[in-house]
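The values are calculated or read from the model by the stated rules, or taken from the named source; none is laboratory data. Computed from a predicted model, the values in this text were never measured in an experiment. Glycine gets a Cβ as well: all are built from the backbone with ideal geometry, and neighbour counts include every protein chain shown.
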Amino acid sequence: MELVERIISNPVMMEYVWKPLVVILILLFIVLTLVAYLVYAERKVSAFIQARLGPMRVGPYGLLQPLADLIKLLLKEDLIPAEGDRAIFKFAPIMSVVCALVVLAVIPFGWGVATITDINIGLLFILSVSSVGILGIILGGWASNSKYPLLGALRSSAQMVSYEVAMALALVGPLMFAKSLSMTAIVEAQRADHIWYLLYQPVAFLIFLVAGVAETNRTPFDLPEAEAELVAGFHTEYSGFRWSLYFLAEYTNMLISSAIAVTVFLGGWSFPLLDRLRPEHPGLFTLLSILVFAVKVFVLIYIFMWFRWTFPRYRYDQLMDLGWKWMIPATLANILITGAIIMIGQETLGLTKVTGGEYGERLVVPGLAGKAYFIGMAWLVLVPLTWIILAIINRRSYDFNLRAQRQIRLPERPATDDVFGKV
Amino acid sequence: MYQRDLGATEKGSPGIREMVLNMGPQHPATHGVLRIILKLDGETVVDLDCDIGYLHRGVEKICENRPYTHIEPYFDRLDYVAGVSNNLAYIEAVEKLAGIEVPPRAQYIRVILTELQRIASHLLWLGTHAMDIGAVTIFLYAFREREEVLNIFENYFGARLTTNALRIGGLFYDTYPGFEEQVRAFCRIFPERLNEYETILNENRIWLGRTVGVGVLTAEEAKDLSVTGPVLRGSGVKWDIRKAFPYEVYDELDWEVPVGENGDTYDRYLVRMEEMRQSRHIILQALDRLPQGPILGKVPKMIRPPAGEVYHSIESPKGELGVYLVSNGTSFPERLRIRPPSQINLQALRKMAIGHMVADVIALIGSIDIVLGEVDR
């Protein structure tokens, strides 16, 4: 009895087990509710874009729709294909959803207590875990023993390989400024610097956003579940609760992609002038920091939804083209040019000074002139130079300038007007 | 453009692992109960075969056992998204065979109605075609405008889809009060809405990527396959029954036949968009010239056309809709044969799709614009 008590009240247990456990439970509750309402938001946003109302029947403005959907999903029959691999079929959606949720652990939702844990390889952890998550899609498609899910799974594996690379490489640029892989430290660096890395790294942000859409399998990159082509893609054979797990994973991934983008490029929970509150009202500051983070994330999620309801879908080979011929060269160019800009700014011009950060790490903070230099270089040199490199690489590819190319390719009009004599 | 040259890798040669994928009859993108048997190498279509007949009702045989007037509603149910046009094809064939004169007012109203129907049918095509390619929002925009047309039909005939609008020798009803204003109001907003769709699609990089160079049908191939309608015109052949063998009052009106140049999915899309504009133009002209007068010519109580045969075709939204009618002098037709544009255009699918990918097959089905009610009859 005493032993149990000692284990429970052990400060180490307290720090590493009980406190995180409570935060995890709270976070899970919030995130799962949030995901349910993201589906509602998606339907409302799509309705808004498509000149209709969206869910209106269940509760005021359809606000209880997610609850009704949940009940419906839980009551549905759970079908398993006769010749499918039962064990893997059951395991695959769990894998997808667990990988999506685990990533939440390292995301700084706000200042102080709002972060479950801060590990110094935060970004690497996120990238590796979310790669495993797509394995859930592949396994699910394969275990269904059906052709449409198999095609969906094949597409998703190809997509994973191409876009994970671009996504990871896009993050290297801002990391060169933050000089840390820890999510908290990245936010801290931007806060101390009074800058958002979006201003230093416009190309990387754009690529990360596009890769994020591709990673979450949303239009225009929703090939694994392209409704018109593959019925429902990898989850064609799934029903009821298992299907809802995939759904949950998809929306959680969208949340995570936005959260990473906010953390790395948009300053995380920091906001100009908000820091003044910290010494006197730490509680209020924490709350406000969470709010700031949430607003930023929802703005990005709205952009994701906007994409989905405006764009047509890429074809499989075009998706590969975009990944390998546009995005990956662009990220590599971005890394190279950013490195050069930093070297020149830091070593040659001496525009930065080194200070200690809040977490004891070494921060390289540029002064006002340094900031102007970095921002100016990013928008006046980095963006045009990357575009030129891309244009050089792709000038011969068919999708470089479709309209111009079309006019070149078939100039003469076939003289068929008088074939039928009349007209 | 991705289109694999399959000449190098002959069917059955070592190294190719083909998969047979059965697309349909229950599939969201086959526009009904079309079954396509695809032979795939990876995602590339090596071969495909369309299996039709899931919606076969034997309309032609049924028609042999019905009086001429009872056949009219069966035609609405062929291409059920263009009921008025189908009705017109049959009724004109009977009128031609029996030598019935149609008063000018009825002819003008028929033109207005068929052109409205063409717009409605093309809007449905636009919506489903864009949705197949992934642009879901266009679907609802197109339905919003289609709804306006269907409202006009509902006010006129009391039905929206299978209207049974016309009658041998003229029309059932004269226009309702406010018909002209409602049609004009629709024509006023319509170009603006069309521009709205084109803003989303015409210059969209993804849309261009998915349609330019996909499913190219040269003019020669198109004529060999005897495709008609926008599919033929997309390939650069200026052929429209309304111009070639004018029926009703089309020869009195001023309008253009839009043609494409490259015969790909994008050109077929452009042709249909332009056709909607031309239809609006025709409607406005017909409204301006709409004469007063009777709406029904001299029609005998029991229609007994003299023994003989007639082939009459009209330009339905899908292409040339022909009716071949043989009369033996009784009130029942001896034989009735329908030339369905969808079915004949569907034959071009194999030619278009081989070498492309699965996703392109979907785009091509939408681009041909089939309605299974008409394909299977």
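Those helices (runs of 4 or more DSSP H) of the stretch B:116-217 in which 2 or more residues are more than 14 Å from chain A (Cβ to nearest Cβ) occupy B:136-157, B:179-201. Note on the stretch A:48-75: residues that are within 26 Å of A:Thr236 (Cβ to Cβ) and surrounded by 14 or more Cβ atoms within 10 Å (Cβ to Cβ) total 9. For the stretch A:155-196, enumerate the residues that are within 14 Å of chain B (Cβ to nearest Cβ) and crowded, with 23+ Cβ neighbours inside 10 Å. Hits for the stretch A:155-196 are A:Arg155, A:Ser156, A:Gln159. All of A:Thr219, A:Thr310, A:Thr286 fail the test of being polar (S, T, N, Q) and away from chain B (no Cβ under 14 Å), apart from A:Thr286. Scanning the stretch B:51-63 for residues that are outside any loop (DSSP other than H, G, I, E, B) and over 17 Å from B:Asn87 (Cα atoms) turns up B:Asp51, B:Lys61. Checking the condition under 26 Å from the mean Cα position of the chain (by Cα), in contact (Cβ under 8 Å) with a residue 40 or more places away in the chain and farther than 23 Å from B:Leu140 by Cβ, which residue from A:Val45, A:Val39, A:Val35 passes? It is A:Val35.
The set of residues in the stretch A:313-330 that are more than 10 Å from chain B (Cβ to nearest Cβ) and either on the phi > 0 side of the Ramachandran plot or of a type in the set (Lys, Arg) (or both) contains only A:Lys325. Mind listing whichever residues of the stretch B:321-377 are among the β-branched types (Val, Ile, Thr) and more than 14 Å from chain A (Cβ to nearest Cβ)? If the condition is that a residue be among the β-branched types (Val, Ile, Thr) and more than 14 Å from chain A (Cβ to nearest Cβ), then B:Val323, B:Val326, B:Thr330, B:Ile338, B:Ile344, B:Ile354, B:Ile368, B:Ile370, B:Val371, B:Val375 are the ones that fit. Every condition in (1) at pLDDT below 85; (2) over 30 Å from B:Met302 (Cα atoms); (3) surrounded by fewer than 21 Cβ atoms within 10 Å (Cβ to Cβ) holds for B:Gly209 except the one numbered (3). Among the residues that make up the stretch A:33-43, is at least one of them within 30 Å of A:Ile138 (Cα to Cα) and charged (D, E, K, R)? Yes, that holds for at least one residue.
Summed over the stretch B:288-336, residues that are surrounded by fewer than 22 Cβ atoms within 10 Å (Cβ to Cβ) and under 25 Å from B:Asp79 (Cβ atoms) total 12.
Does at least one position in the stretch A:320-331 carry a residue that is in a helix (DSSP H, G or I) and over 30 Å from A:Lys179 (Cα atoms)? Scanning the stretch A:320-331 turns up at least one residue that is in a helix (DSSP H, G or I) and over 30 Å from A:Lys179 (Cα atoms). Hey, could you check the stretch B:225-254 for residues that are assigned to a helix (DSSP H, G or I) and over 28 Å from B:Ile133 (Cα atoms) and say which is farthest from the other protein chains (Cβ to nearest Cβ)? Once the filter is applied, the top-ranked residue is B:Glu252.
Take the conditions (1) surrounded by fewer than 19 Cβ atoms within 10 Å (Cβ to Cβ); (2) under 18 Å from the mean Cα position of the chain (by Cα); A:Trp269 misses just one of them, which is (1).
Condition check ((1) over 16 Å from A:Met254 (Cβ atoms); (2) at pLDDT 80 or above) across all residues:
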| site | (1), (2) |
| --- | --- |
| A:Leu101 | no, yes |
| A:Ala105 | yes, yes |
| A:Ala114 | yes, no |
| A:Ile121 | yes, yes |
| A:Leu124 | yes, yes |
| A:Ser131 | yes, yes |
| A:Trp142 | yes, yes |
| A:Pro149 | yes, yes |
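In the condition set (1) in a helix (DSSP H, G or I); (2) buried (at least 24 other Cβ atoms within 10 Å of the Cβ), B:Asp79 is compliant with all but (1).
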